[in-house]
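Participant: Dumping the structure here so I can ask a few things about it.
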4 protein chains.
Amino acid sequence: MATRRFKATDPELDELYGRFADQGLQPLWELAGLLTAEPRVQAVPYRWSGRVLRELGTRAGELVPVDRGGDRRVLACANPGLGGAPYAVGTLWAAIQYLRGHEVAPAHRHTPAALRFVVEGEGVWTLVDGDPLHMGTGDLVLTPSWTFHEHHNPRDEPMIWVDVLDLPVVAALDAIFFEEGPTEEADTRTAVLSNSEARYGGGPGLVPSGAAPPVGRSPLLAYRWAETDRALAGLLEATGEGDAVLRYTDPVSGGDVMPTMRCEIARVLAGVATTPARQTGGRVLCVLHGHGEIRIGAERFEVEPGDLLAVPSWTPWSVHAEAEIDLFSTSDAPVLEALGLLRAETCG
Amino acid sequence: MATRRFKATDPELDELYGRFADQGLQPLWELAGLLTAEPRVQAVPYRWSGRVLRELGTRAGELVPVDRGGDRRVLACANPGLGGAPYAVGTLWAAIQYLRGHEVAPAHRHTPAALRFVVEGEGVWTLVDGDPLHMGTGDLVLTPSWTFHEHHNPRDEPMIWVDVLDLPVVAALDAIFFEEGPTEEADTRTAVLSNSEARYGGGPGLVPSGAAPPVGRSPLLAYRWAETDRALAGLLEATGEGDAVLRYTDPVSGGDVMPTMRCEIARVLAGVATTPARQTGGRVLCVLHGHGEIRIGAERFEVEPGDLLAVPSWTPWSVHAEAEIDLFSTSDAPVLEALGLLRAETCG
Amino acid sequence: MATRRFKATDPELDELYGRFADQGLQPLWELAGLLTAEPRVQAVPYRWSGRVLRELGTRAGELVPVDRGGDRRVLACANPGLGGAPYAVGTLWAAIQYLRGHEVAPAHRHTPAALRFVVEGEGVWTLVDGDPLHMGTGDLVLTPSWTFHEHHNPRDEPMIWVDVLDLPVVAALDAIFFEEGPTEEADTRTAVLSNSEARYGGGPGLVPSGAAPPVGRSPLLAYRWAETDRALAGLLEATGEGDAVLRYTDPVSGGDVMPTMRCEIARVLAGVATTPARQTGGRVLCVLHGHGEIRIGAERFEVEPGDLLAVPSWTPWSVHAEAEIDLFSTSDAPVLEALGLLRAETCG
Amino acid sequence: MATRRFKATDPELDELYGRFADQGLQPLWELAGLLTAEPRVQAVPYRWSGRVLRELGTRAGELVPVDRGGDRRVLACANPGLGGAPYAVGTLWAAIQYLRGHEVAPAHRHTPAALRFVVEGEGVWTLVDGDPLHMGTGDLVLTPSWTFHEHHNPRDEPMIWVDVLDLPVVAALDAIFFEEGPTEEADTRTAVLSNSEARYGGGPGLVPSGAAPPVGRSPLLAYRWAETDRALAGLLEATGEGDAVLRYTDPVSGGDVMPTMRCEIARVLAGVATTPARQTGGRVLCVLHGHGEIRIGAERFEVEPGDLLAVPSWTPWSVHAEAEIDLFSTSDAPVLEALGLLRAETCG
């Protein structure tokens, strides 16, 4: 029985503490740190260099076959504050995935939801429940909870991309399920336009009449850079401000793309510094374009494209753009919002 | 006192009927036709010819100034079954509006919501709460309930478009309010891109983060033909069927564009006939492209671009396309849905 | 063809008007009164005396069998402003129904939803989809849209109650359906506790786990006076104010009891006058207890139990209680709310 | 830097692993147990004896003042599978709290939400944001997230009750906030009826009209045994089955009482065995009345009133009643439901 054994100097109390331990009980008055004035966060502000990620991914591509172990050639970002857990922040997994030319990563599915974001490169196809989605620079591709997904690279060139998953949340809720795909052979189809985009990607506010898409997550599985870029430019023009933030949403319900992860992209014009802000829950940043400084808590990181950064819960962060920065961001805000636990404030 | 006076042959009963009338009462057992097995609809299937609408609009343009009477040069479609009421079906107003070159229609607002659909032409700007929206062929432009709206035509050429309003519903609910605009002068601004589109029109599923758009109606006020056309083509490709129907929706909530009107557009490929279907509530059709036959109840209408058609409640209708037809449609389905009164069925 | 024929003094214009009429068109600029600054309401403030309703109901009981005509011995309140329509206000039907001892009113169903409210008396059973609901003083009983309902009176004494229906709304939407019950024989079962109340009436916030009740309307079909009385007293005590208003709601969704009608009950303490207030949409009042004055627009009505009153749209009304008044109220507010058309204000 | 250091026999790979560790990266292919076919749950089926809890609570009452350490004399149930964490299952805190006669536990608030359930006894008042709620046998009392709460016992007799909190979930999301009450003095008011119950507890479906209660949690803070008992009896009568389960809900929205915890109570008639069922997420049971056997996974526990039991995620459980059992239950189902992760099945 692993229950902690507390000690008291008073012999009667010490005996009582012994009985507590025997019975699987712990006295609240001896438990420190349960209820703190503000979140006591283990994860620390951190940056994984895009240059290093690419270099080590490439090296792994040379040394490690894609079928070694877990079907995927993935390097997980392990926040140094989390005691060895392979998580970028307490609630989010972030990683890079590397696929060499003509490699395939066969189908499986799991309850943790995943998203892919491409900083540079193109040519790999991700099939989600059999629908082939091309991945290119600046694209966001979704693989919602319990959808089969597989990757294949019909080109000669390797490709690298970023994965973000809600795995820590699903694990904390004891709700991990996993299943291999129906066939061992990878499906290597390609398509000019995915079925998902053909149905739901025609334009803002245009959806198939009478369709009954899956509840709780977006039926649109890819958000293309050309449109994201245009939307960012439009929003900046409409507001006249120095930065703009878009949310990627389910075009049918208007909710977040998936029930556990909020995806956003910010554009910060050259010379602009955003107001520091913080919110409960974790966040992972991915620099798409530009360079400058990203401040997280007391840390200042010089950033360039491909960098991944960890923003721990309730830690102020801001962007100081030297050259115009495009910054992709994933947070667990939908989880905190659903549970009435989201607090957000600017720290100007 | 207008209460009806029923008559009975039995003198005692007749006397009682007299007392009913004196007291503002009516005996249910003398009231026929209140509760019918199926809707007893007054509106009839009908078609207003686009060619005639254009011709008479033009003639009105020559003879009637835009300020004569009610600020707008509008011809309302009056369904012959409705006893002289200027409504296309019992719940929808449909009309054409004609604006000559360099004319303006000054700002006002009203609780009935309106939409504009353009069959042919361009160049007029509709300002909705001051946001200038260009109107061109195939575009859908919204003027939601209680938004100020005004029109101006900076060109030399006249322009004609279709208006649909929920006026009969708002009138039946005794909820009509109307207000003149804040200034007598029309606002004749134009813009390359409306503020509404700059914020909400970048792409499917891309919305400003943290925005708090108006509840219950779309913040996106224009749906452009280029995207609608692309979305129709994509949906047809994805399904492989002979026709496709898109719904225009609020890109933030996923609901209908306005709480009282559902907007849809169908493309029916040449040679295809759709399955007859019916639903409770009224519908107005507007042919954008193509020609063929539209059947409504027992009527068959040869249609061409610009034709407006009335589909009464619970009346089966279908499209038989000779040349590929694009068909814009407005129904009161959101009203019936909200009240638990929507029934729909195919009549194949 | 019933389209109105407008006339103009200018011969060219008059000829154009003739062509409009031929083509089923009406010129907006000749249509007055479509868009008014405030609702132009046809219904007028009115009161039907409870004493008279009871007297004439009794007399109808003597002269008219329950099967004469429409299955029900019902006297409909016809607002004098509505040109002979049997409606209390533009959107609500109100009536009294009278059932003699040992009479039955056999089952039927219709899309218009109904409610029963009992001012005095007891002993009749209403079966809703076969579930026997006893009706007693102060009870509210629901017969939602498209539920079979029938009444039987196993006692010797007659009983009278109030019916309110959304019939005018359903008729305006061309969505009336009606069906006779599955059997000609009335079901004359009784029960100590209805199935509906056994499942959903145990207490506030207690619902069967995992149940899937019908969407959009309350699964609880009876609201008993004992609890309503206790709830009114509790609310008055909690607020310390001179009047209190409760809303009857769906205990599972929290919404209104039915999608088209909001039911409320007010208690106004002796000597208290409520602040005049108005809202869009119609309302029917029913005095349960007490006496005093109810002011509606410019009218003042001395009221006593059993009186029914019509509050037209956007008309201020208030209660001036001499003896403590309990006032049941039905409005079409859910309809206006769903459509974004509800405006409400106090007129103090 | 705490990132794990993996080892490989291949020197090149081993060097690469060293660089991974230097850069805060972990190779997915060396991580076992991340994605399992079914949840690999650490918590084990467990039972804390009500008799022992009462005995040790009483002993703590003798030895430990209420102000020692954390304001509260609380014994936390520590599941032996959780490595010393003071949680009953991975997502729920369960404990007993003991207050001697005339003791007070002063006000504080925290983001973790709490509920109290009373197996036996009465006389303590819990004030929630200043509203005094009496606690008696069979009552459920809520202290939602971030509401101030304090307890006082004006009697001579001690009282014991059960606390359940969502603390593990809030901690996993790094969203713990805590604040002492506004005054050091405890508020020792009592009241015949709490304000919360006076407003929202009058009867099922009766709520104050126009009230704007807090969003996302119940405004009704106490659910009384008399009504729960009546509702259980009614449901059993309505269904004719051998067991019945009620959900405690927000009477205004119909949702769960709080966004992180679902509260239910089951009655299992003597001699009845329920069908084994399981769902993702954890559950804590509390026996209120009766005795028999509760089976959780492979374990069988003879239970009596006051026993607390841990049902780990995805573990089948069932009740075998010798004498009629009333069983209160708290699960994290609203969390899993909101995130699309709730799976439930019977294991018959």
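Participant: Calculate the mean, over all residues of peptide B:231-242, of how many other protein chain Cβ atoms lie within 10 angstrom of the residue's Cβ. Don't jump to the answer; show the numbers that get you there.
Facilitator: Working: counts 11, 2, 3, 12, 9, 1, 5, 12, 4, 0, 0, 0.
Across B:231-242, the average partner-chain Cβ count within 10 Å equals 5.
Participant: Using each residue's phi in the stretch B:93-98, evaluate 6.51 cos²θ - 1.76 cosθ + 1.60 at θ = phi - 60° and report the 3J(HN,Hα) Karplus result to the nearest Hz, with x for Gly and Pro.
Facilitator: Here the 3J(HN,Hα) series is 8, 9, 7, 10, 10, 10 Hz.
Participant: Turning to a different aspect of this structure: 222 nm [θ] for chain C, helices only, -39500 (n - 2.57) per DSSP H run of 4+, per residue, to 500? Before the final figure, lay out the partial values.
Facilitator: Details: 6 runs with 59 residues, N = 348.
One gets -5000 deg cm²/dmol as the mean residue ellipticity at 222 nm.
Participant: Okay, next question. Which shape class, rounded, prolate or oblate, goes with the stretch B:91-152 when its Cα gyration tensor gives a ≥ b ≥ c as root eigenvalues, a/c under 1.5 marks rounded, and past that a/b bigger than b/c marks prolate? Write down the numbers at each step before the final one.
Facilitator: On the way: a/c = 1.59, a/b = 1.19, b/c = 1.34.
Oblate shape, in that a/c is at least 1.5 and b/c is the bigger or equal ratio.
Participant: Is there a simple number for the mean count of other chain Cβ atoms within 10 Å of the Cβ of residues in D:16-22, and what is it?
Facilitator: Details: counts 6, 2, 0, 5, 6, 1, 2.
Per residue, the number of nearby Cβ atoms from other chains is 3 on average.
Participant: Non-local amide H neighbours of residue C:342 (under 5 Å, H modeled in plane, Pro and chain starts lacking H): which ones?
Facilitator: C:337
Participant: Further question: Quick one: if you stick a label point 7 Å off each Cα along the C-beta vector at residue C:51 and residue A:184, how many nm between them?
Facilitator: Those two pseudo-labels are separated by 9.4 nm.
Participant: Taking the Cα-to-Cβ direction at residue C:237 and at residue C:293 and moving 7 Å from each Cα, how far apart do the two end points lie in nm?
Facilitator: About 3.3 nm, to one decimal.
Participant: Label-to-label distances across copies for residue A:184, with labels 7 Å out along Cα→Cβ, in nm, shortest first?
Facilitator: 7.2, 7.5, 8.6
Participant: Select from B:155, B:40, B:54 the residue whose mean-square fluctuation is largest in a Gaussian network model of chain B (Cα-Cα springs shorter than 10 Å).
Facilitator: Of the options given, B:40 has the highest mean-square fluctuation.
Participant: A further question on this structure: Normalized C-alpha radius of gyration of the stretch C:171-244, against 2.2 N^0.38 Å?
Facilitator: Numbers: Rg = 18.1 Å, N = 74, 2.2 N^0.38 = 11.3 Å.
Relative to the rule-of-thumb radius for its length, the stretch C:171-244 sits at 1.60.
Participant: Net charge near residue A:91, counting Lys/Arg +1 and Asp/Glu -1 over other residues with Cβ under 11 Å of its Cβ?
Facilitator: Details: positive: A:283; negative: A:166, A:332, D:174.
Once positives and negatives cancel, what remains is -2.
Participant: From the label point of residue C:241, set 7 Å from Cα along Cα→Cβ, how far away are the matching label points in the other copies, in nm, ordered shortest to longest?
Facilitator: Copy-to-copy label distances for residue C:241: 3.8, 4.2, 5.2 nm.
Participant: So, one more: Aspartates and glutamates near residue C:7 by alpha-carbon distance under 15 Å, same-chain residues fewer than 8 away left out - which ones?
Facilitator: By straight Cα distance, residue C:7 reaches C:15, C:22, C:30.
Participant: Plugging the Kirkwood radius over Cα pairs into Stokes-Einstein for the stretch D:244-348, at a temperature of 4 °C and a viscosity of 1.567 mPa s, what D comes out in µm²/s?
Facilitator: 93 µm²/s
Participant: Does the protein assembly as shown come out rounded, prolate or oblate, given a ≥ b ≥ c as the square roots of the eigenvalues of its C-alpha gyration tensor, rounded meaning a/c under 1.5 and, failing that, prolate meaning a/b above b/c?
Facilitator: On the way: a/c = 2.05, a/b = 1.18, b/c = 1.73.
Note, shape of the protein assembly as shown comes out oblate.
Participant: While we're here: Calculate how steeply helix C:225-239 sits against the longest principal axis of the alpha-carbon atoms of chain C, using the helix alpha-carbon long axis, and give the answer as 0 to 90 degrees to the nearest 10.
Facilitator: For C:225-239 against chain C, the angle is about 80 degrees.
Participant: Within 10 Å of each Cβ in B:245-256, how many Cβ atoms from other chains are there, averaged over the peptide? Don't skip to the answer; put the middle values down first.
Facilitator: Values: counts 4, 9, 8, 6, 9, 3, 9, 8, 5, 10, 3, 0.
For peptide B:245-256, the averaged partner shielding equals 6.
Participant: Order these peptides, B:73-79, A:245-251, by their mean beta-carbon neighbour count within 10 angstrom, highest first. Walk me through the numbers before you get to the answer.
Facilitator: Working: B:73-79: 26.9, A:245-251: 24.6.
The most tightly packed comes first, giving B:73-79, A:245-251.
Participant: Counting only the backbone N, which residues of the stretch D:38-77 are under 20 Å from the spot 7 Å out from the Cα of residue A:15 toward its beta-carbon?
Facilitator: Residues D:52-65 qualify, since their backbone N sits under 20 Å from the label point.
Participant: If R0 is 56 Å, what FRET efficiency do you get for residue A:322 and residue B:67 from their C-beta distance, rounded to 0.05? It would help to have the intermediate numbers written out before the result.
Facilitator: Details: r = 57 Å, r/R0 = 1.02.
Taking R0 as 56 Å, the efficiency between residue A:322 and residue B:67 is 0.50.
Participant: Further question on the same structure: Where does helix A:11-22 land angle-wise versus the long Cα axis of chain A, in degrees 0 to 90, nearest 10?
Facilitator: Approximately 40 degrees, to the nearest 10.
Participant: Moving on to the next point. Which cross-chain or sequence-distant (5 or more) residues have an amide H under 5 Å from the amide H of residue D:114, H modelled 1.01 Å from N in plane?
Facilitator: Sorted by chain and number, the residues that satisfy this are D:143, D:145.
Participant: Where does the charge balance sit around residue C:342 when Lys and Arg score +1, Asp and Glu -1, over other residues with C-beta under 13 Å from its C-beta?
Facilitator: Working: positive: C:262, C:278, C:283, C:343; negative: B:174, C:256, C:332, C:337, C:345.
Its environment carries a net charge of -1.
Participant: While we're here: In the stretch C:302-330, whose amide N lies under 18 Å from the spot 7 Å out along Cα-to-Cβ of residue C:58? List them in ranges.
Facilitator: C:304-308
Participant: Quick one: helix B:50-63 against the long Cα principal axis of chain B, what's the angle to the nearest 10°, folded into 0 to 90?
Facilitator: Once rounded, the angle reads 80 degrees.
Participant: Further, regarding this structure: Using a label position 7 Å from Cα in the Cα→Cβ direction, what is the ascending list of nm distances from residue B:304 to the same site in the other copies?
Facilitator: 6.6, 7.3, 9.3
Participant: By Cβ position, which chain A residue lies least far from the axis that rotates chain A onto chain C, and what is the distance to the nearest whole angstrom?
Facilitator: A:215, 7
Participant: Here is a further query. Hey, if you drop one equal point scatterer on each alpha-carbon of the stretch A:1-116 and run the Debye formula without solvent, what base-10 log of I(q)/I(0) do you get at q = 0.16, 0.17 Å⁻¹?
Facilitator: The Debye formula, applied to the Cα set alone, gives -0.87, -0.93.
Participant: May I ask for the net charge around residue A:137, where only other residues with Cβ less than 9 Å from the Cβ of residue A:137 are counted and Lys, Arg are +1 while Asp, Glu are -1? Kindly include the intermediate steps, with their values, before the conclusion.
Facilitator: On the way: positive: none; negative: A:120, A:122, A:139.
Cβ neighbours under 9 Å give a net charge of -3.
Where a number appears in this text, it was derived from the coordinates with a stated rule and is not lab data. In this text the structure is predicted, and so the values were computed from the model without any measurement. Cβ atoms come from the backbone with ideal geometry, glycine included; neighbour counts cover every protein chain shown.
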